[in-house]
Amino acid sequence: MLANYILSVLIWLPIAGGVALLMIGDGGDVKSSQARLMRLTALAFSLLTFLASIALYIGFDNAERGMQFVERVLWVDAFNVWYYLGIDGISAPLILLTTFITPLVVIAGWDSIKTRPAQYFSAFLILEGLMIGVFSALDGLLFYVFWEAMLIPMFLIIGVWGGERRIYATLKFFLYTFLGSVLMLVAFIWLYVQTDSFDLLTFMNAPIGLMAQKLIFLAFLIAFAVKVPMWPVHTWLPDAHVEAPTGGSVILAAIMLKMGGYGFIRLSLPIVPDGSEYFSGLMIALSLIAVVYIGFVALMQKDMKKLIAYSSIAHMGFATLGMFLMWWIVADTGAGLGMSGAMVQMVSHGLISGAMFLCVGVLYDRVHSRQIADYGGVANTMPVFAAFMVLFAMANAGLPGTSGFVGEFMVIIASFKANFWFAFLAATTLVLGAAYTLWMIKRVVYGEVANDNVAALQDLNAREFIVLAILALSVLLLGVWPAPLVDMMNTSIEQLLLQVGQSKL
Amino acid sequence: MYEYYLAIVLIPLAASIVAGLAGHKIGRAGAHWITIVGVGVSFLLSTIVLYNMFWGGYEAENLSVYTWAVTDGLHMEVGFLVDRLTALMMVVVTFVSFMVHIYTIGYMHDDPGYQRFFSYISLFTFSMLMLVMSNNFLQLFFGWEAVGLVSYLLIGFWYKRESAIFANLKAFLVNRVGDFGFILGISAVVMFTGSLDYAEVFGQAESIASQQLEVTGFSPWNAMTVVCILLFIGAMGKSAQAPLHVWLPDSMEGPTPISALIHAATMVTAGIFMVARMSPLYEFSTTALAVVIVIGALTAFFMGLLGIVQNDIKRVVAYSTLSQLGYMTVALGASAYSAAIFHLMTHAFFKALLFLAAGSVIIAMHHEQDIRKMGGIRKYMPITYWTALVGSLALIGFPGFSGFFSKDLLIEAVKESHWHGQGAVYWIAYLSVLLGVFVTALYSFRMFFLVFHGEERMSEEEKSHLHETPAVVWVPLVLLAIPSAIIGWFTVGPVLFEGYFGSAIFVDETRDVLAHLGETFWHDSLGLFTHSVVTPVFWLAAAGVFTAWFLYLKRPDIPDTIQKKAQGLYNLLDRKYYFDDLYIKGFAAGGRSFGKFLWQKGDELIIDGLLVNGTANMVGRLAGVIRHIQTGYLYTYAFAMIIGLTVLLGWLIWVR
């Protein structure tokens, strides 16, 4: 019975939890028993949501070509808007990623959040529900509502719990992403006028002329490129990350950036395949610029969070590269490899960048600085932490045996099939990624104890250890055995490629 | 044998995990026991595998362990290909690793990171075994990068030292440049064959060779040439071939046991192994082989020369490793793959021995590494002295020692390889390896004489502490000295001329130099031994030893004079042909400035300054102008409304 509504449960359970937290409150004192109850409630809701997603994983049929766990209820009769949910092998891994990361964020913020903790945890739970909503919505308007609603909690998270320049960062974040998504709404309305429906699956099957396809693609592009973010609309991300509290950075990097990539796969490619083909060269160029240009920019960052933010942009470049290779591959196989690689890259990046931001958070909680220059020789005082950080850095540099390698490997192989030089530029990440990540490690983790702050550092506490250990295990597991993830996506990607392969003209 | 293979690989991994994660609980002795027993068992099982392959008549096995992932028709597996080439490598790797594990007990005795060290070297053994036992390109790349990771961790083992953490970053990045080529090579393989599996790819070798790839836009390249050169770029990184050699000398910042294990005997030979493994591909591209032979020849000769001016005991041995790796590469380029692997094997023994002997001296000297501050150590450390002598004689190819058989035949094979008709390439290679013999003998015995003979240049206080190192240190020396001395006698025949490798190595008949040598030149080990005195190789080596003796024992004033007279040449060698300067001041600094430029000019000035905040400012300014219209006075708005109404009405009446 409940199994039929599992997507609704996944969306509304955390949102209900968020509301409950607001009602419990923190009693004005973070150490009060009321605040403790509130935190336990937050953890309970995030864990329950995770358990529900496990049920989703168990019930998920890898061989099914269509949408699964479909729920469809009429919402606004006048505009034929439906509360229409459903997932396939492309959205399911991202939902699992969301439910997996959120409890970790709750644990990570356990006692490091001193002001308004109830609102803080509430914002994350509500955000979780809304993000799952984006990944499961099959109605354009519903998708749009979740998409925009998602901005509000994140806006608050950065604006209330952020650093010194948080107002600049939130405004930049909000305007960038909001302006982008308004054009998406315009595209939806145009499609509604054509098809008399907001059903995404209907959009996918509707014939659309080339000019209209190009325009819709551009409208989507602006919305999604900002979210990914792609060069040159990426500059909000480093600012947002730097000012966001640790948990905000984790969610932003791990899940919100995936919205852009998901948008391309779910909307752009199947709804406007010819438009996508027309612009695929541009997309590949922007992706490769992201890999190379941003790689160099990341090298010179002095702020650890900025460095990881830039590294995220470069890694997401692999995701967008993999998605748009299909028209450039003349061989019969390879398109699916690029697409799988893109998806794996998104999931893996969620784990690794999340872990990297948590690592910086661990240091920030102790020293209150994100500057690389304020550290040095952390391994002397925090050996366990250092081991984790080196592991995640290696994963970030795409070392085989970690999840960071899987997606990059697939995308590089696929891009070689498209063009030698695509692969050549993409593969520069082997050098650049290692250079910026490990140079940071050299300056932060290794060396003599640099100053009194570092000398006074305490190694990880149990709570931090658990969070990082869970992430480390999952990064390794996905690196050693990515088959479960890849198998989950294969059928849906095949289906997607069939769909995109058919011209709508 | 499946269970054997799994055990060989997984036992060191398990030991490494236990020693790494539970190091505090099991203590120092617990850590070394569990890892030593682990690698010991691996060695034993590997020996059984080798025995079965060689005498038991076992066939090569190609097994899949599990499916890593399948997508879009590309099967990515983890599996083992165990043939005679693999079996030989397994034994070499586990044996040297076993020796180094034991030696480490003595060498790292007082180090606070004792357990961590054992965990790392066991992890290395696992990674290296994964590399050599792989049956596909994916796992090869995994092992390839995993050994790189452990090398990174171990070079930077003493992470407080600035020089160590500089060296490990440098090593990793330079290796990544190689891996950049390597992953493109693997991509090319997938593009042309649709598979990552060795057997399937080798089966399609002819079809690859018949295809072409557009790279530059001028004229298409032969696909096999592209594949082989890209893969070889990976080998150049890992096996430190010029110009990607710069990381190896600096890697000496790591503790000496890993210099022996990783940076001499095993990891750096991965590139050699890889090319030999890929012989069914390389044989289809003479262009690629010509590239291989030239790179190898340049490395063999020019890196050897650098050994002459080094004063750090470990760096001398490191340059000698570079040069010997060059020798192996030359053999690969001459299609004498077996000769390369044979030299790899003897080199693993004698070079590990030399490093461990150097380490023994370093322990005794309380971590002094400058050979100018040593001398006459012979009488204090007799076991180290004799074993180091065995290692040095093997290195210079003194008749009868293991290095003699491998190097002599390697040079004969190069001499024999007239096949490509590319005269210059052949002459470069032959002259390099031939003259390299003199250089090798010169720098080896320069070091040997300066350390063990002549005047005692250390302080009185040093002398009073100087004594032979404990048994955990010298026993591995002796155990390595035995194969270094004698293994050549009974292995050279089977490995090079009696088809030990069987189908594991493929050589095109028209240029099978070893087969040709087998018919015209080879009789038996004794024959080769007695023949040696009439070869230029022997006389060049002897001349090298004599020169070293004359310059550094007899007339130690001469080297100083030469150094003063040929200042330019000396500087060129001392600065290592300016490669480091080029890379650090050129590429690294250039990359940083470029990054800074893109960041500050691209991101901050143009995108953020001009476009983003520029737009915001423009909106602000526009709003500032418009604000003047919104005065807040009622009459202004009323006036505006009247004008608007008039215009609207006028439009309705006259225009429509």
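Every number in this text was worked out from the coordinates using simple rules, so none of it is lab data. The model shown is predicted, which means the values in this text are computed figures rather than measured ones. Backbone-built Cβ (ideal geometry, glycine too); neighbour counts: all protein chains shown.
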Next item on the list: Mind sorting B:HIS343, B:HIS516 by how few other Cβ atoms lie within 10 Å of their own Cβ, fewest first?
Entry: B:HIS516, B:HIS343
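For region A:80-225, what is the Kirkwood hydrodynamic radius in Å, using each pair of distinct C-alpha atoms?
Computed over region A:80-225, the radius equals 16.9 Å.
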Note to self: Can you give me the angle between helix B:423-452 and the longest principal axis of chain B, using Cα atoms only, in degrees from 0 to 90, rounded to the nearest 10?
What the structure shows: 70
Notebook entry, point to check: Can you give the net charge of the other residues whose Cβ lies under 15 Å from the Cβ of A:ASN80, counting K and R as +1 and D and E as -1?
Noted result: -3
Notebook entry, point to check: Ranking B:TYR583, B:TYR51, B:TYR152 by Cβ neighbours within 10 Å, fewest first, what do you get?
Noted result: B:TYR51, B:TYR583, B:TYR152
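Share of Cα-Cα pairs in region B:416-484 beyond 17 Å, in percent?
More than 17 Å apart: 71 percent of the Cα pairs in region B:416-484.
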Notebook entry, point to check: Could you give P(r) for region A:1-141, binned at 5 Å from zero, as whole percent values over all Cα-Cα pairs?
Noted result: 2, 11, 20, 20, 16, 12, 9, 6, 4, 1, 0
Note to self: Could you tell me the ratio Rg/Rh of region B:69-166? Both radii from Cα atoms, Rh via Kirkwood.
What the structure shows: 1.08
Notebook entry, point to check: What is the spread of the Cα atoms of region B:132-289 along each of their three principal axes, largest first, in whole Å?
Noted result: 53, 35, 22
Next item on the list: For region B:175-269, run through the GluC sites (Glu not before Pro) and keep only the ones in DSSP coil with at most 15 other Cβ atoms within 10 Å of their Cβ.
Entry: B:GLU214
Checklist line | Reference-scaled alpha-carbon Rg (2.2 N^0.38 Å with N residues) for region B:326-471 | finding: 1.25
Note to self: With angles folded into 0 to 90 degrees, how steeply does helix B:2-21 sit against the dominant principal axis of chain B? Use alpha carbons for both and round to 10.
What the structure shows: 70
Margin query: Give me, ordered by chain and number, the residues 5 or more places off A:GLN68 or on other chains with an amide H under 5 Å from its own placed amide H.
Written below: A:ILE87, A:ASP88
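Quick check: residue separation of B:LEU526 and B:GLU460 times 0.36 nm, minus the Cα distance between them. What number comes out in nm?
Stretched out fully, the B:LEU526 to B:GLU460 stretch lengthens by 19.0 nm.
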Next item on the list: Quick one: divide the alpha-carbon radius of gyration of chain B by 2.2 N^0.38 Å and tell me what you get.
Entry: 1.19
Check: Can you list the lysines whose alpha carbon is less than 22 Å from that of A:LYS302, not counting same-chain residues fewer than 8 positions off?
Finding: A:LYS172, A:LYS442, B:LYS160, B:LYS170, B:LYS585, B:LYS596, B:LYS601
Notebook entry, point to check: Among all the aspartates and glutamates, which ones have a C-alpha under 17 Å from B:LYS238's C-alpha, if same-chain residues fewer than 8 places away are not counted?
Noted result: B:GLU145, B:ASP179, B:ASP250
Next item on the list: Please report how far the C-alpha centroid of region A:10-47 lies from that of region A:278-357, rounded to the nearest whole angstrom.
Entry: 36
Next item on the list: Would you compute the Debye intensity of the protein assembly as shown from its alpha-carbon atoms alone, equal scatterers and no solvent, and pass along log10 I(q)/I(0) at q = 0.05, 0.06, 0.08 Å⁻¹ to two decimals?
Entry: -0.37, -0.53, -0.88
Next item on the list: Could you please state, rounded to a whole Å, how far the C-alpha centre of region B:1-36 is from the C-alpha centre of region B:594-639?
Entry: 64
Check: If you line up the long axis of helix B:613-627 against the longest principal axis of chain B, both from Cα atoms, how many degrees apart are they, to the nearest 10?
Finding: 10
Checklist line | Among B:220-230, B:319-329, the order from most to least packed when residues are scored by Cβ within 10 Å on average | finding: B:319-329, B:220-230
Notebook entry, point to check: In deg cm²/dmol and to the nearest 500, what is the mean residue ellipticity at 222 nm of chain B if only DSSP H runs of at least 4 residues count, each as -39500 (n - 2.57), divided by the residue total?
Noted result: -22000 deg cm²/dmol
Notebook entry, point to check: For chain A, max minus min Cα coordinate along each principal axis, in Å, sorted largest first?
Noted result: 68, 55, 41
Notebook entry, point to check: Based on DSSP H assignment, which helices of chain A show an axial Cα extent of at least 27 Å together with a mean Kyte-Doolittle hydropathy greater than or equal to -1.0?
Noted result: A:33-59, A:117-136, A:166-195, A:273-299, A:304-323, A:335-367
Checklist line | Ranked list, fewest to most other Cβ atoms within 10 Å of each Cβ, for B:ARG575, A:ARG370 | finding: B:ARG575, A:ARG370
Item checked: Neighbour-limited loop hits for trypsin sites (Lys or Arg not before Pro), region A:278-346 (at most 13 other Cβ within 10 Å; DSSP other than H, G, I, E, B) -> A:LYS302
Next item on the list: Note down the magnitude of the dipole of region B:53-187 about its Cα centre, charges +1 on Lys and Arg C-beta and -1 on Asp and Glu C-beta and zero elsewhere, to the nearest 20 debye.
Entry: 440
Notebook entry, point to check: Using a cut-off of 25 Å between alpha-carbon atoms, which lysines can reach A:LYS214, once sequence neighbours fewer than 8 places away in the same chain are excluded?
Noted result: A:LYS227, A:LYS258, A:LYS504
Notebook entry, point to check: Which value at 222 nm does chain A reach when only helices count, each DSSP H run of 4 or more adding -39,500 (n - 2.57), with the total divided by all residues and rounded to the nearest 500 deg cm²/dmol?
Noted result: -23500 deg cm²/dmol
Checklist line | Convex hull per residue volume in Å³, alpha carbons only, for region B:255-335 | finding: 63
Next item on the list: Give the distance, in whole Å, between the Cα centre of region A:462-505 and the Cα centre of region B:419-464.
Entry: 54
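Tell me, what is the Rg over Rh of region B:506-631, with Rh the Kirkwood radius over Cα pairs? Don't skip to the end; give the middle numbers.
On the way: Rg = 35.3 Å, Rh = 23.4 Å.
We get a ratio of 1.51 for region B:506-631.
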